[in-house]
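Inspection log for the structure reproduced underneath, given as C-alpha cells.
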Amino acid sequence: MKFNIIPGDIPLPLPTGGLEFMEPVFHALLVVSWVIHILFINVLLGASFASVYFNKRGVNEKNPVFDKVAYLLTTPVTISENMGALWGVAPLLLVSILITPLFYSASIMNSPHWLHIIYGNIVAFLLSYLYKYTWHTLHARKSLHILIGTIAVAMFFTLPLAFMSTVQLAMTPSTWTYHTHFWDILLRSDTFFRLVHFYLASFAVTGVFMLVYGMYKRRSDDPEIVEAGKVLTRTGKSWFLVPTVINLFIGPLVLFSFPDYGIEAFFNHGFHWLIVLTVLVVVYAGYQLLKDFFNDDLPASKVWSVVAVMFIAVVSMATLRHGMRMGLISPVLAASKAKTEAFQKESLLAFEAAQKAQSEAPVVTQPAGMALAEKHGCLACHNAEVKVVGPAYKDVAQKHYSATQIVQLVHQPKPENWPGYMPMPPMPQVPPADIAQIADWINSLK
Amino acid sequence: MFDYPIFEMPLLGHRFLFAFDAILHVFISHGAAVGGSIILMLSQWLAIRNNDRKLDELSYKILFTFFILATAVGALTGIGIWIHINIINPAAIGALLRVFFWKWFIEWIVFNVEMIFLLWWFLSWKSAPLGTPAKAKNFKLGMTYAIASWFTMAIITAILGFMMTPGNWLKSYFPAEPDYLAALFNPSWIPSLGFRTFWSIAWASAMAMLLSWLFTRNDTELRQKAMRLYGTVLLACIPLFCLFGAWYYDQFPQAAKDLFWMGAITRRLAAHPEYATYLMVGLSSMVLAGAVSLYAKPKRTPLVMAVIMLFGSMGLIGEFERVREFVRKPYIIYDYMYANGVRVADVPYLNKDGYLKHAAFVPPEFRSVTPDNKLMAGKYLYQMQCRYCHTVNGINAIRTRIQGMDEQSIFIRIGALNSPATPFMPPFTGTEEERHALAAYLDYIRVNKVESEDDLVKSSAPVYAH
C-alpha cells in the first residue's frame, strides 16, 4: 500500500519506563476505556431520546406513568453525560501517545468542526440540565418543556458526526490528500455506515440498560414506579431487538467499506472469528428475550444473563475494531517513526556543526555603539547606510539630535518625524546609557 | 509545525480561539470546582456545627449553581483545552503528553474521584437533612470532592510550571531523553500551586458572595452571616496569594521578567508601563471595594458592588493568565520548543536543508521554491510559522504589522524576528530562498487586499486548483 502523506512522530520516548510489556498494556487500556466511554455515550443518546419520547407520549395519551418513566430517565442522562465526558479523557490520553501523528492530523483536518465536540456538547449539556430541572416548574407548559428536551437531544445526536468522522479519518491514512476536509469525510460511505451502526447500537445498548433499570424500579414500594419499571422493561426488549437485527446487516457493510489492505490484515490476523463470536452471542441474547417477549416481569437471572452475554459481545466488537484500526495504520506509524529518526540523525549533525561554527567564529571588532545597537535589536530595523524598516542611521545623523534627544526618541518615538514609515515600537527596556553610546555611533555616521 | 496539516482560524486567530476556551475553564474550574468545593465544605461544616438550617439551604443553592457550571462548562472546557491545543500546537501537546503521561493518568483517576464525589455529594444533599447521621456522611463526600479537585489542580499546575520553567529536564537532546522527576519538580511548581490555590478560594468566595446576595433577598440576617463568612475567607486569602505570587514571579527566567510589562498591556503602550499599574490597581480596587463594603455593611450594600467585585476579579484573573502566556514567548516549552512548534535544536538543520522540504502536508510541488511557486510557498511558510500568533486581517494582523515596508525590508526584518527588539517572536526558520518566498508573499498581501489563487500559483501546479 502506498501512502501519499506520512506525518512525523514526536521525538520523545513512549512513557513505558523502559518496560517492553507496557505497550500492549497501553493498547489494552485503550480498548477498555474506549468501550466504557462509548457505552456511556450510547446510554446518553438513547436515554435522552427516550425521556423526550415518553414525555410526549405521556401528554398525548394523558398517562402519568409515561411522564414518570420520562422523569426517571433523566438521572441516567445526567450520570452518563458526566461519566461519558470523563471516560473520554482516558482514550484521548492513550490515543495521543499511541497513534499521535494520525490522530492529531485527523483532528486538524477536521477543524474547526472538530471543536463541536466541546462547544456543541456544552450547549447540549446546559439544555439537558434545563430540561431536567424545570420538570416541575414547566409542568403546565409541556410543549415548551418538550421543545427544550428535543433541542438538547438533537444537539447530542450531532456530536457523533464530528467524532466519527475524525476517528474514521485517523484510521484511514491511505485516503488522506493535501486538502481533505470534514465534509469530504462525513459524506463518505465508510463514515456513513459506521454512524448508522453506532446510532442503532446506541438504542440497543439503551435497551439493555432499560432492562436493568426497569428491574430495579419494579422492586419499588411505590406502585406508580413499579408500573414505570414495567414500561422500561417492555421498551428495553424491543429497543434491544429491533436495532440489533438491523445491525446484523449493517455490520458487513461497515467491514467491507474499509480500504482493502485493512480488510486483508484483519482476516490475516484472524479477527473475523470475533465477528462470528459476536453474532452467536447476540443471537443467543435475542433468543432469550424473544422467549419472554410478553413477560413484563422479566426475572433478574434473565436480565443479568443478557447483560453478561452482551458484555462479551461489546468487548469482542471493541477488540476487533482495534484490530482493524491497527491493521490500517501500523504501516504508517512505522514509516512515521523511521522518518522522524532519520530527521533527528541529520538534525544532530547540523546542530553540532552550528555549535562548532559558533565557537570558532572570528571575533569582529566594531564600534561600541554599533555592538550595542546589535545587542538591543536596533539592527533588526535599521542599517547604517540604507533604509530598512526604519530610516538609515546616516539619514538620522542629518537631524543632529543630541544623545538625550535620542534616548527620548527610543523610549517614546515620534512617528510624525518620519512620514511614510511604520511607527517605531517604543523600547523602554533599553537603558539610557546604552542608547547614549548608540547615539554617538549614529552621529558619527556621515 | 511541518509535520501536521494546516488549520486556519480567520480573523480571530489561534491564540484567541485558545484563550477563549482556556479562560472560561479557569474561571469555572478554579472558582466553581477547586475554590468552590473548599468554601462550601466550610459552610456546610458550620451549618452542621451550629445546626443552622438556613445556612445549609443557602450552601445547597450555591452548590447547585456551582454544580451546573462545573459539570457542564468547567469539565468540558477542560477537555476543550486539550482538544484546542491538539489542533493548534500538536507538536507541543504531543511532547507534553510523553513527558507527563503518568502524571496525567493519575490526574485522570483523581478526576474520576472528583466527578463521582461531586455527583454523589450534590445528589444526596437533600436526602441527608441536618441533625441526621446521613448528614455527617454527606459532609465527608464533600470533603473528598474538595481534596480531589485540589489534587487535579496540583498536577495540571506542574505541567504549566514546566512549560515556563522546565528546569533540567532533558538528559540528552539527541535522542531526546526526559528526566521525568526533574520535569515534575520544576522550580515554579510549588509557588504557582500556592498562588493558584489561594486565589481560587478567594475567587470562589467572591462568586459565593454574589450568589448569596441573590439568594437572600428576603433574609438580610442570613445575608449578613454569609457575607461575613465568605468575606473573611476572601480577605484572608489576599495576602497569601500575594506572597506566593511574589515567590512565583521570582522563579521566572530573566527574559520572561523583561516581557512582564509588555504582557500586562500591549506593545503599542510599552512606553507607558504605568498604564499597566493603573490597570491592576483599578481592578484590585474594584475587588477590594466590593469585598470590604459587602463585609462591613452586608445589609445595605447594593448588588452592584458584588457585580463590580466579580468583574474586578475576572479582570485580574484574565490579566494574570494573559501575562503568563505572553512572557513565555517565544517558547511554548521554554528553551525546548518555539511557540510555532519548531524544536529549538532543529533550527540549524531546517535552516540548512529547508523547512518546506520536510512539510508532510504541503503538496510536493511547493516543497522547493521556484520563481513560479514562490508566493504559494511563502503562504505555506506563513501558515506554518506565523499563523500561531498572527492573522492576515484580524487580531495581530500581519498586514498592518508590515505597513510601510517593501519586499526588501520585509526580507531583512524577518531575518531578525527573534532579535531583542521583538524577543517574543521565534526566529524565521528555513533557507535563504524560503525567506525570500515568505517576504514575497507578505509583500503581496500588503499590496493586495484580496488574495487570488491565480496570482499565488502562476503556471504551476494544477494539483492545487480544486
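Summary table below
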{"item": "Residue check for B:LEU259: aliphatic (A, V, I, L, M) and open to solvent by less than 50 Å² (accessible area, probe 1.4 Å)", "result": "yes"}
{"item": "Enumerated helices (runs of 4 or more DSSP H) restricted to region A:1-113, each holding at least 1 residues that are under 29 Å from B:TRP108 (Cβ atoms), at pLDDT below 95 and not hydrophobic (A, V, I, L, M, F, W, C)", "result": "A:22-61, A:74-98, A:100-109"}
{"item": "In region B:289-300, the residues that are part of a loop (DSSP other than H, G, I, E, B), open to solvent by 10 Å² or more (accessible area, probe 1.4 Å) and within 14 Å of B:GLY231 (Cα to Cα)", "result": "B:LYS297, B:LYS299"}
{"item": "Pairs, first in a helix (DSSP H, G or I) in region B:442-464, second buried (at least 18 other Cβ atoms within 10 Å of the Cβ) and modelled with pLDDT of 80 or more, C-beta under 6 Å, six or more apart", "result": "B:LEU442/B:ILE402; B:LEU442/B:ILE410; B:ASP443/B:ILE410; B:TYR444/B:LEU375; B:ARG446/B:ILE402; B:LEU456/B:LEU375; B:LEU456/B:MET376"}
{"item": "Meets criteria (surrounded by 15 or more Cβ atoms within 10 Å (Cβ to Cβ), within 19 Å of A:ALA201 (Cβ to Cβ), within 30 Å of the chain's Cα centre (by Cα) and of a type in the set (Ser, Thr, Tyr)) for A:THR235", "result": "no"}
{"item": "Complete set of residues in region B:120-138 that are assigned to a loop (DSSP other than H, G, I, E, B) and hydroxyl-bearing (Ser, Thr, Tyr)", "result": "B:SER127, B:THR132"}
{"item": "Test: residue in region B:264-271 that is open to solvent by less than 50 Å² (accessible area, probe 1.4 Å), within 11 Å of chain A (Cβ to nearest Cβ) and in a helix (DSSP H, G or I)", "result": "no"}
{"item": "Test set (1) buried (at least 21 other Cβ atoms within 10 Å of the Cβ); (2) within 8 Å of another protein chain (Cβ to nearest Cβ) - A:LEU126 fails condition number", "result": "(1)"}
{"item": "Odd one out for B:GLY315 among (1) open to solvent by less than 40 Å² (accessible area, probe 1.4 Å); (2) within 14 Å of chain A (Cβ to nearest Cβ); (3) of a type outside the set (A, V, I, L, M, F, W, C)", "result": "(2)"}
{"item": "Selection count where residues are aromatic (Phe, Trp, Tyr), closer than 14 Å to A:THR319 by Cα and in a helix (DSSP H, G or I), scope region A:254-276", "result": "3"}
{"item": "Residue satisfying all of: in region A:264-290; open to solvent by less than 30 Å² (accessible area, probe 1.4 Å) and in contact (Cβ under 8 Å) with a residue 24 or more places away in the chain; nearest to A:VAL307 (Cα to Cα) among these", "result": "A:ALA285"}
{"item": "Subset of region A:331-362 that is of a type in the set (Ser, Thr, Tyr) and touching a residue at least 60 places away in the same chain (Cβ under 8 Å) - its residue that is least open to solvent (accessible area, probe 1.4 Å)", "result": "A:SER336"}
{"item": "From A:THR137, A:THR158, residue being more than 12 Å from chain B (Cβ to nearest Cβ) and part of a helix (DSSP H, G or I)", "result": "A:THR158"}
{"item": "Long-range neighbours under 6 Å by Cβ, at least six apart or interchain, first residue without any contact (Cβ under 8 Å) to a residue 12 or more places away in the chain and at the interface with chain A (Cβ under 9 Å from one of its Cβ atoms) within region B:103-117, second open to solvent by less than 30 Å² (accessible area, probe 1.4 Å) and not hydroxyl-bearing (Ser, Thr, Tyr)", "result": "B:TRP108/A:VAL89; B:TRP108/A:ALA90"}
{"item": "Unmet requirement for B:VAL447, which otherwise passes all of (1) among the hydrophobic types (A, V, I, L, M, F, W, C); (2) open to solvent by less than 60 Å² (accessible area, probe 1.4 Å); (3) more than 17 Å from B:GLU8 (Cα to Cα)", "result": "(2)"}
{"item": "Residue match in region B:38-61 (condition: in a helix (DSSP H, G or I), within 14 Å of chain A (Cβ to nearest Cβ) and not charged (D, E, K, R))", "result": "yes"}
{"item": "Scope region A:375-398; condition more than 11 Å from chain B (Cβ to nearest Cβ) and basic (Lys, Arg); matching residues", "result": "A:LYS394"}
{"item": "Unique match (being of a type in the set (A, V, I, L, M, F, W, C) and more than 30 Å from B:GLY404 (Cβ to Cβ)) among A:LEU348, A:LEU379, A:LEU372", "result": "A:LEU348"}
{"item": "Count of residues meeting criterion [more than 13 Å from chain A (Cβ to nearest Cβ) and either open to solvent by 20 Å² or more (accessible area, probe 1.4 Å) or in contact with a helix residue (DSSP H, G or I) (Cβ under 7 Å, 6 or more places away or on another chain) (or both)] in region B:332-355", "result": "5"}
{"item": "The one condition in (1) open to solvent by less than 20 Å² (accessible area, probe 1.4 Å); (2) in contact (Cβ under 8 Å) with a residue 24 or more places away in the chain; (3) of a type outside the set (A, V, I, L, M) that B:THR422 fails to fulfil", "result": "(2)"}
{"item": "Residue in region B:150-189 that is farthest from the other protein chains (Cβ to nearest Cβ), counting only those that are open to solvent by less than 50 Å² (accessible area, probe 1.4 Å) and of a type in the set (S, T, N, Q)", "result": "B:SER188"}
{"item": "Subset of region B:83-102 (residues that are more than 7 Å from chain A (Cβ to nearest Cβ) and open to solvent by 20 Å² or more (accessible area, probe 1.4 Å))", "result": "B:ILE85"}
{"item": "Within region B:1-32, tally of residues that are open to solvent by less than 10 Å² (accessible area, probe 1.4 Å) and either away from chain A (no Cβ under 14 Å) or not in a loop (DSSP other than H, G, I, E, B) (or both)", "result": "5"}
{"item": "Hey, A:LEU144 within 16 Å of A:VAL52 (Cβ to Cβ) and open to solvent by 40 Å² or more (accessible area, probe 1.4 Å) or not", "result": "yes"}
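Per-residue answers, yes or no, for (1) touching a Cys at 6+ places or on another chain (Cβ under 8 Å); (2) within 14 Å of another protein chain (Cβ to nearest Cβ); (3) assigned to a loop (DSSP other than H, G, I, E, B):
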| site | (1), (2), (3) |
| --- | --- |
| B:VAL369 | no, no, yes |
| B:MET376 | no, yes, no |
| B:GLN383 | no, yes, no |
| B:TYR388 | no, yes, yes |
| B:ARG399 | no, yes, no |
| B:GLN408 | no, yes, no |
| B:ARG413 | yes, yes, no |
| B:PHE428 | no, yes, yes |
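The values are calculated or read from the model by the stated rules, or taken from the named source; none is laboratory data. Everything quoted here is computed from the prediction, not taken from an experiment. Note that each Cβ is placed from the backbone with ideal geometry, even for glycine, and that neighbours are counted across all protein chains shown. The area values use the complete protein model at the heavy-atom level, side chains included, leaving out ligands, DNA and RNA. Shrake-Rupley method; radii C 1.70, N 1.55, O 1.52, S 1.80 Å.
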